[in-house]
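All remarks here apply to the structure that follows.
The values are calculated or read from the model by the stated rules, or taken from the named source; none is laboratory data. Please read all numbers here as calculations on a predicted model, not as lab measurements. Because the Cβ atoms are built from the backbone with ideal geometry, glycine has one as well, and the counts that use them run over all protein chains shown. Only protein heavy atoms, including side chains, enter the accessible area calculation; ligands, DNA and RNA are left aside. Shrake-Rupley method; radii C 1.70, N 1.55, O 1.52, S 1.80 Å.
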Amino acid sequence: MFHWLEKHPFFFAVGVFVTIAFAGLVEILPNFAQASRPVIGTAPYSTLELAGRHVYIKNSCNACHSQLVRPFKSETDRYGHYSLSGEYAYDRPFLWGSKRTGPDLMRVGNYRTTDWHENHMKDPASVVPGSIMPAYKWMFTNKADIDTAYAEQLTVAQYFSVPYNQPVPMKDGSSVVVKMGGSVAEANAIALEEAKLIAADMRDQDVKDAVARGEIPEIVALIAYMNSLK
Amino acid sequence: MENRPLEYDYTVAKMFMFTTIVLGIVGMLIGVILAFQLAYPGVNLILGEGLAEYTNFSRLRPLHTDAVIFGFTLSGVFATWYYVGQRVLKVSMAESKFLMALGKIHFWLYLVVVAAVVVSLFAGVTTSKEYAEFEWPIDIGVVVVWVIFGMSIFGLIGIRREKSLYISVWYYIATFLGIAMLYLFNNMAIPTMLGTSAVGESGIGAWYHSVSMYAGTNDALVQWWYGHNAVAFGFTVPIVAMIYYFLPKESGQAIYSYKLSLLSFWGLMFVYLWAGGHHLLYSTVPDWMQTMGSIFSVILILPSWGSAINMLLTMKGEWQQVASSPLIKFMILGSTFYMFSTLEGPIQAIKSVNAIAHFTDWIVGHVHDGVLGWVGFMIMASLYHMAPRVFKREIYSKSLMAAQFWIQTLGVVLYFTSMWIAGITQGMMWRAHDEFGNLAYSFIDTVTVLHPYYTIRGIGGLLYLVGFLMFAYNIYKTMSARPVEERELQNASPMGA
C-alpha cells in the first residue's frame, strides 16, 4: 500500500492529511460543541477594562505573567482559588501564558491596589526589590485606545452574545449591568467616568491632569483591567 | 538535453539561503539581548530611555521567537526544498517558467510579510497568541505565501521524472499540509471592522484589530493544538526531511532502513497532534484531554526515536567520518540532540513532572536544546552541503567549520544545563512549604536566585551566536571565492545520481 501511495502524490497527501487531522477531530471538537459558559460572578469587561486588556496584550505582559492558578496548595496559598473554566468565558483571546518569569495575575485585583500598580509600572524595583521587570513609563503618556475597545465590545455583543447592558448574576445573589455605549462618544464618556475613579487613587499629577482634561493614559486603563482580575 | 546529466536551477534556493542567514542572525541576536535583559534588567534601556518602549523585553520576545521560527527555520525549509525537491524529483525548475516565477513570487512575498511582521510587532500590534501573534491582514499574507509554497511543491511533483517520491518529499508535503491546517484554524478571528459595520457603524478603532473566534478554555485548546504542532511541522518534520536527504548524500551511505522510515513517518503523523494537550496540564481543559496529551506525548518517543535511530544507523561502519568531517559531526550531533529533546519532552509531559516544570525555565531549556541542537545544526549542515554545489566553489574553511561546531556545542550545553537547574530550582521553590504549612519563599526569592543561571544562559546563547556568525562568514567567503568546481559534485544516494 505504501509503495503505491509513494507513486500517487494526490492520494499520499490525502492520506497524510487524514492522519494528521484525526487527533484534532477527536480532541478538539467535543469541547467546542459546548459553548463557553460563564460561571456565576463573571461579568464582561467594561470599555476601560477592555482597553486596559489591549495595553496588556500590546506589551506582551503574558510573556512573563500567567493568568492560570493551578490546583496545588502552593498556588492557591499564593494566588487564591484555582481557576475555573467558566471564569474565562469572556476572554478573547485567553491569556494563560506559558512562562512565569513574574507571578501569576489571575486574581491580582484581590491583593494589589491602584497606587501599587502605578509605582510598579514606573519603577518595579521600588516596590519589589530585586525585580527584573523593566519599567513601562510610556504607559503614563500614551493614550489608551478606547475606540478599539468599543469596536470589540460591539463585535462580541453581536457575534458571541456577550451580555452588555443586561443584568449579570453575581455570587451574592445580586446582579450587575456592564454598560456599553450606544455610540463612540457615549463609550468614551463611560470610560472617562471609570477612569476618573482610578485616577483619584493615583499619585502621578500628569495622569490626574490628563484625565481631568478628558484624556485617558494607557496606565489608567491597564490598572482598571488589573483591578478587575479577581 | 538528452545525453547530459540534469542541471538544476538554484536561483530560488540561493535567495532563501540568504534570508536563512540574515534572519538567523537577527533572531539569535535578539535572543541574546533578551537573555541578558533577564540577567541584567538595565539592558532593557540598551538604546536609551526614549526607545525603551521598543527595546523592552516584552516587545522583543515575540520578535525573537517569530524571527527564529518563521525567519530562520522557515527560510531554511524553503531553501532546502528548492534544492532537494528538484534533485529527488529529477526535474529542473528551469524547465518550467511557471514554477520559476512562482518560486520568485514566493520569495518576494515572503520578504514583504516578514517586513510587515517586524513593523507590527515593534509597534505592539499582536494577538498575544504565541507564534501566531499576527493580526488578520498579515495572516492573510501568510496564507498566500503558504499556498504558493504548496503550489511549488505539487507543481514540481507534477512534472517529475522520478516516479517514486523520496522520503524527504513525504516530509515536505506533511510540513505544508500540517501547518496549513493548524494555522488556519488557530487564527480564526473576526475583524472588528466587520463587527462594527454589521451594526451600522464603521471606521471605529484600529482597522487591523480582530477578536478571536474562540473564548477562554477553547481558545487555549486550539492555541496549544497549534502551538505544539507548529513545533512538530515547523521544527521536526521538515528538519527530518533535510537529514533524510543530506546525511546519505554527505556520507555516501544509504538510509539504514526503509521500513523504519515508513514506521516513523506514519507514526509521527498520527501521534504528534494528540500531544498538544500536554501544554494544558492542570488547566481548565477537560481531564480526559490532559490525560491523552500526557500519554500520547510518551508514545511520541517511538516515531521520533525511529527516525533518529535510522539516521545514526545509517553511519554504521562509517563512524570514522564523524571524526573526519565537521559536516557529519553537525548532522550526527543534531540527531543526538533530537533524540535527547524528544525524550526530555515526554518526561516533562508526565503529570507529576509537569507540576514542577510548567511555567519554569526548564521548558525554555527544552525548547532551546531542540532548536539550537537539532534545528539549528541541521539547517547549517544543510546549507554547508548545498553551498559548494550551489555556488560551485569549495567551502572556504573546514577548520573554521570545526571550530564553529565546538563553540556552538559548548553554547548549547551551557544553555540547557543552566536552564535545567534554573527551572527545577524555580519549580521546587514555588511549591516549598515550611513546617507550619506556609509558603517558604516569596515569589521574588525565586527570581533573584536565578541570576547566575540567567548569566550562564546568556553566555551560552552568545557563544551560539558567535558560531553562527562564523557560519555566515564561512558561507560568504565561499560565495565570493573564485569558482573551482567545474561541474556539480555528484554523489550516489539518495535516488542515484
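Please give the Cα centre distance for the stretch A:75-141 versus the stretch A:7-62, rounded to the nearest Å.
Value for the Cα centre distance between the two parts: 24 Å.
Local charge sum around residue A:132 (other residues, Cβ-Cβ under 15 Å, Lys/Arg +1, Asp/Glu -1)?
So the surrounding residues net to +1.
Skip the ligands, DNA and RNA, and give the accessible area per residue of chain A with a 1.4 Å probe, whole Å².
42 Å²
Taking only protein heavy atoms and a 1.4 Å probe, what accessible area per residue, in Å², does chain B have with all protein chains in place?
Averaged over the residues of chain B, the accessible area is 35 Å².
Using the basic label-point model (7 angstrom from Cα toward the beta carbon), what is the residue B:469 to residue A:2 distance in nanometres?
Label-label distance for residue B:469 and residue A:2, simple model: 4.6 nm.
Given a 1.4 angstrom probe, I'd like the percentage of the accessible area of the protein assembly as shown that is carbon and sulfur, rounded to a whole number.
Looking at the protein assembly as shown in its full context, I get 67 percent from C and S.
In degrees from 0 to 90, rounded to the nearest 10, what is the angle of the helix B:398-431 Cα long axis to the longest principal axis of chain B?
Tilt of helix B:398-431: around 20 degrees.
What does the average come to when, for each residue of peptide B:206-212, you count the partner chain Cβ atoms lying within 10 Å of its Cβ?
Taking all residues of B:206-212 together, the mean is 5.
What spacing in nm lies between the two simple spin-label points modelled at residue B:100 and residue B:313, each 7 Å away from Cα in the Cβ direction?
About 4.4 nm separates the two model spin labels.
For the protein assembly as shown, what does the helix formula give at 222 nm: sum of -39500 (n - 2.57) over DSSP H segments with n ≥ 4, over the residue count, nearest 500 deg cm²/dmol?
Here the helix-only value at 222 nm equals -20000 deg cm²/dmol.
Listed here are the pairs A:58/A:171; A:73/A:99; A:7/B:329; A:179/A:208; which of them are more than 28 Å apart at the Cα?
Those over the limit are A:58/A:171; A:7/B:329.
Rank-order B:394-400, B:190-196, B:75-81, B:450-456 by packing density, defined as the average count of other C-beta atoms within 10 Å over each peptide's residues, highest first.
Output ranking for B:394-400, B:190-196, B:75-81, B:450-456: B:75-81, B:190-196, B:450-456, B:394-400.
Among A:17-29, B:374-386, what's the highest-first ranking by average C-beta atoms within 10 angstrom per residue?
B:374-386, A:17-29
Provide a whole-number value for the mean count of partner chain Cβ atoms within 10 Å of the Cβ atoms in peptide A:79-87.
So the per-residue partner count for this stretch is 3.
Counting each pair of different Cα atoms once, what's the Kirkwood radius of the stretch B:321-480 in Å, rounded to one decimal?
Computed over Cα pairs of the stretch B:321-480, the Kirkwood hydrodynamic radius comes out at 17.3 Å.
Percent of Cα-Cα pairs more than 19 Å apart in the stretch A:47-228, please.
Counting pairs separated by more than 19 Å, the tail of P(r) holds 60 percent.
List the accessible area buried at the contact between A and B, summed over both sides and calculated with a 1.4 Å probe, in Å² to the nearest 100.
That pair hides around 7900 Å² of surface in total.
Evaluate peptide A:51-58: per residue, the Cβ atoms of other protein chains within 10 Å of its Cβ; return the mean as an integer.
3
Taking every alpha carbon pair in the protein assembly as shown, what does the distance histogram look like in 10 angstrom bins from 0, in percent?
Result returned by the calculation: 3, 14, 24, 26, 18, 10, 4, 1, 0.
Excluding residue A:73 itself, calculate the net charge of residues whose Cβ lies under 13 Å from the Cβ of residue A:73, where each Lys or Arg counts +1 and each Asp or Glu counts -1.
In short, 0.
Taking the Cα atoms only, what angle lies between the long axis of helix B:258-271 and the longest principal axis of chain B, rounded to 10 degrees?
Approximately 30 degrees, to the nearest ten.
Gap in Å between the Cα centre of the stretch B:261-283 and the Cα centre of the stretch A:155-203?
The two parts, judged by their Cα centres, are 43 Å apart.
Going by alpha carbons, how many degrees (0 to 90, nearest 10) lie between the helix axis of B:361-370 and the longest principal axis of chain B?
Once rounded, the angle reads 0 degrees.
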